[in-house]
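Since every read-out is calculated from the coordinates, none of them should be taken as a lab result. Treat the numbers as computed from the prediction; the structure is a model and nothing was measured. Cβ: placed from backbone, ideal geometry, glycine included. Neighbour counts: every protein chain shown.
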Amino acid sequence: MIKKICIGSDHVGAELKPKIIEHLKDIGYEVTDVGAYNLERTDYPIYGRKVGELVASGTFPLGIAICGTGVGISIAANKVPGVRAACVSEPYSASLSRQHNNSNVLAFGSRVVGSELAKMIVDAWLNAEFQGGRHQRRINELNAEDTRDDVIFDQLVENGKNSKEE
């Protein structure tokens, strides 16, 4: 089975991105780079949206987005319904973002993490799996928010109040 992933960055992340692409290829991923391709100033929302749309459409199961802090590009990706982008700066949060939040886009900042830490973050994220169970209701609530379905959202919240789960 071919493991596919897309990756995008603004100009600030463009220097770190090739190192992450090389690492992804080394661990068996087919990588599609959606830009930026150089250090010429550009806007992170362009690339957060590109990654988000490719993941939300199902073209890619996962995506990675890089800007200076990871915050801006994760906000941009999260504007796309169906995207659960997690901005992290260490492996533990990356892993839990998959296990508990079923994140499908990983974001981090090239001004926050170096290339070796970024690789560790990527590995932790890719090696983690969604645990389902008590976390599924919360993902369903997020999905209801994506579709602006207040009826389903309210039902899920009410069911959660009656649940004995953590």
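Could you order peptides 152-158, 8-14, 78-84, 93-99 by the average number of other Cβ atoms within 10 Å of their residues, highest first?
Working: 152-158: 14.0, 8-14: 25.4, 78-84: 18.0, 93-99: 20.0.
Result, highest mean first: 8-14, 93-99, 78-84, 152-158.
Report the semi-axes of the equivalent ellipsoid for the range 1-63 in whole Å, largest first, where each axis is √(5λ) for an eigenvalue λ of the Cα gyration tensor.
Numbers: eigenvalues 78, 48, 7 Å².
Square roots of five times the eigenvalues give 20, 15, 6 Å.
Counting only DSSP beta bridges with both residues in the range 62-166, what percent are antiparallel, rounded to the nearest 5? The partial results should precede the final answer.
Working: 0 of 8 bridges.
Given both bridge residues lie in the range 62-166, the antiparallel proportion sits at roughly 0 percent.
Give me the net charge of Glu30's neighbourhood, meaning all other residues with Cβ under 11 Å from the Cβ of Glu30; Lys, Arg count +1, Asp, Glu -1.
+3
Could you tell me which label, among [x] 1.08; [y] 1.00; [z] 0.94, carries the value of Rg/Rh (Cα atoms, Kirkwood Rh) calculated for this structure?
Evaluating Rg/Rh (Cα atoms, Kirkwood Rh) on these atoms matches [y].
Rounded to the nearest 500 deg cm²/dmol, what is the calculated helix-only ellipticity per residue at 222 nm for the chain, with -39500 (n - 2.57) per DSSP H run of length n ≥ 4? Display every interim value, and only then the final one.
Details: 7 runs with 78 residues, N = 166.
Mean residue ellipticity, 222 nm, calculated: -14500 deg cm²/dmol.
Test of understanding: what is the full-extension gain from Met1 to Arg111, defined as 0.36 nm times their sequence separation minus their Cα-Cα distance?
Between Met1 and Arg111, full extension yields an extra 36.2 nm.
Any idea how far the Cα center of the range 127-141 sits from the one of the range 30-78, in Å?
23 Å
Just add up the charged neighbours of Leu126: K/R +1, D/E -1, any other residue whose Cβ is under 9 Å from the Cβ of Leu126. Please report the intermediate quantities before stating the final value.
Numbers: positive: Lys3, Arg98; negative: Asp123.
Value of the local net charge: +1.
If amide hydrogens are placed 1.01 Å from N in the peptide plane, which non-local residues have theirs closer than 5 Å to the one on Lys3?
Glu30
In the neighborhood of His11, defined by Cβ-to-Cβ distances under 11 Å, what is the net charge if each Lys or Arg adds +1 and each Asp or Glu adds -1? Before the final figure, lay out each step's value.
Numbers: positive: Lys17, Arg41; negative: Asp10, Glu15, Glu40, Asp43.
Residues near His11 contribute -2 overall.
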